[in-house]
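Only one structure is covered here, and it is reproduced in the block below.
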Amino acid sequence: ADFDAKKKRKVAEIYQALNSDPIDVATLRRMAISEGGLLTDEIRCKVWPKLLSVNTDDLPPLPAGKELREDNKDYQQVLLDVRRSLRRFPPGMPDDQREGLQEELIDIILHVLKRNPQLHYYQGYHDIVVTFLLVVGDRLATALVEKLSTHHLRDFMDPTMDNTKHILNYLMPIIDQVNPKVHDFMQSAEVGTIFALSWLITWFGHVLSDFRHVVRLYDFFLACHPLMPIYFAAVIVLHREQEVLDCECDMASVHHLLSQIPQDLPYESLISKAGDLFVQFPPSKLAKEAAQAAQAERTAASTFKDFELASVQQRPDTVLRQRFKERLRGEERLRGEERTKSILTKPRTNRFVKLAVMGLTVALGAAALAVVKSALEWAPKFELQIFP
C-alpha cells in the first residue's frame with residue numbers, strides 16, 4: 001500500500017510538471033531518473049518527447065514504405081536485423097501483429113536514414129528503435145528516434161567506429177576511480193572493453209530480456225547526458241566485483257563472464273550509483289585527471305575547455321580533432337621521445353602511467369587512438385559474440 005501511495009504521488013507530480021506553463025522539464029528529468037522512472041507507457045508517450053524537446057503537435061506524416069525501400073543501400077541489412085529481432089517483441093504477441101510492427105520498424109529506420117544522409121546505420125540500432133516503437137507507436141517513435149540519432153546516438157552513426165571506441169575508452173577510468181583492484185585485474189587480463197559494445201550501442205536493449213528493465217533504463221538515459229550509458233556499464237562491472245576477481249585472469253574468461261549480463265540486476269540501486277558517479281567523476285574530470293598524471297598539458301589539458309564545451313554539444317571529437325591538428329603543426333618541433341620521456345619520467349606507479357595513456361586516448365579522440373593500441377584490434381575474434 002505504501003508503494004501504491006508513493007506511485008500515486010509520483011504520477012500526480014509528473015502530470016503537474018506536464019501541465020505547468022512552461023512545462024517543467026527539470027522536474028520531468030528528475031522523475032525519469034528517480035526510483036521507478038516514468039512508471040507507465042502512457043506517461044512515457046507524454047514525457048519522452050519533452051526530454052528530447054520534440055514538438056508533438058506537428059509530427060510529419062510517415063512516407064509510404066515502398067518508396068523508402070526502393071534503391072536504399074541499407075534496406076537489406078535492416079531487413080536482416082529486423083527479422084532477427086523476434087525476441088525484442090513481447091512473448092505471446094500474435095504473429096501478424098508482430099509482423100506488422102516489424103514492417104513499421106523497417107520504415108522508421110529507413111525514414112530517419114533517408115532524411116539524415118550523414119547518419120550511418122549500425123547493427124544494433126534497430127534494438128533502440130524497436131523500444132520506442134513498442135512504447136509510443138510509429139509516428140511519435142520516428143520523431144523521437146530522429147532527434148536521438150542526431151544527438152545521443154550520433155557518435156555511433158559515423159562511417160567509422162572511432163567515436164564509439166572513444167566513448168568505450170571512458171569505461172576503464174571510471175572503474176579505476178571506484179575500484180582500482182577490479183581495474184587492475186581487468187588490465188592484467190587484457191580484456192579490453194568490447195564486452196560492453198553491444199550494451200552501449202543498443203542502450204542495453206539487446207542484452208536485457210525483460211522489456212520493463214529496458215524502458216526503465218531508457219527513462220534514465222533520455223533524462224541524462226549522452227555518456228550516461230557508459231557509466232551504467234561501469235556500474236554493472238563494479239557490481240560484479242566478486243565474480244570478476246574470482247574469474248581466471250585471462251582475456252577469454254573475463255570477456256565471457258562480462259558479456260553474459262545477469263538478468264536479475266538491482267536496477268534502481270545501479271541507476272542511482274551511475275548518477276552519483278557521473279556527478280563525482282564527470283567526463284571532463286576523468287580525462288583531465290589522467291592527462292594531468294601524464295603531465296601532458298601541451299597536448300591534452302589545454303584542450304579541456306573545448307572538450308567540455310564540445311561534450312555539451314555532444315560532439316566532443318570534432319572540436320578536439322581540429323585543435324589537435326593545429327597543435328600537431330606546432331609540435332613537430334617537439335620530438336616524439338621528449339614527449340614520451342615527460343610522460344614516463346614522472347615517479348608514479350605503472351598503474352598511473354596506464355591511466356595516463358587512457359586519459360590521453362579519451363582526451364585526444366581519434367588522433368591518439370591511432371597511437372595507443374586499441375582493444376578493438378582483436379575484435380574480429382569476438383565478432384560473433386557481440387550480437388548473439
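None of the figures in this text is laboratory data; all of them are computed from the coordinates on show. These numbers were taken from a predicted model, which means no experiment stands behind them. FYI the Cβ positions are ideal-geometry reconstructions off the backbone, even for glycines, and counts take in every protein chain you see.
Remarks
- For a paramagnetic label modelled on Q280 (point 7 Å from Cα along Cα→Cβ), amide N atoms under 19 Å away belong, within the stretch 252-266, to 266.
- The stretch 61-139 and the stretch 169-231 have their alpha-carbon centroids 25 Å apart.
- In this simple spin-label model, placing a label point 7 Å from the Cα along the Cα-to-Cβ direction at both R87 and S20 gives a separation of 4.3 nm.
- Among the GluC sites (Glu not before Pro) in the stretch 1-100, those located in a DSSP loop and surrounded by at most 12 other Cβ atoms within 10 Å of their own Cβ are E70.
- A simple count of charges around D41, restricted to other residues whose Cβ falls under 14 Å of its Cβ and scoring Lys, Arg +1 and Asp, Glu -1, yields +2.
- Computing FRET efficiency as 1/(1 + (r/R0)^6) for E190 and L79, where r is the C-beta to C-beta distance and R0 is 45 Å, gives about 0.75.
- Rounded FRET efficiency, nearest 0.05, which uses the C-beta distance separating Q97 from K181 and R0 of 45 Å: 0.35
- Set K114/K147; K50/K73; K114/K165; K10/K46; K46/K147 screened for pairs whose C-alpha atoms are more than 22 Å apart: K50/K73; K114/K165
- DSSP-loop chymotrypsin sites (Phe, Trp or Tyr not before Pro) across the stretch 108-144, with at most 16 other Cβ within 10 angstrom: none
- Backbone HN-Hα couplings from phi across the stretch 214-229 [Karplus 6.51/-1.76/1.60, Hz, Gly and Pro as x]: 4, 5, 4, 5, 5, 3, 4, 5, 5, 8, 10, 4, x, 8, 4, x
- Calculated diffusion of the stretch 75-125, Stokes-Einstein form, Kirkwood radius summed over Cα pairs, 37 °C and 0.692 mPa s, µm²/s: 280
- Rel. contact order, % - alpha carbon contacts under 8 angstrom, at least six apart, the stretch 1-156: 24
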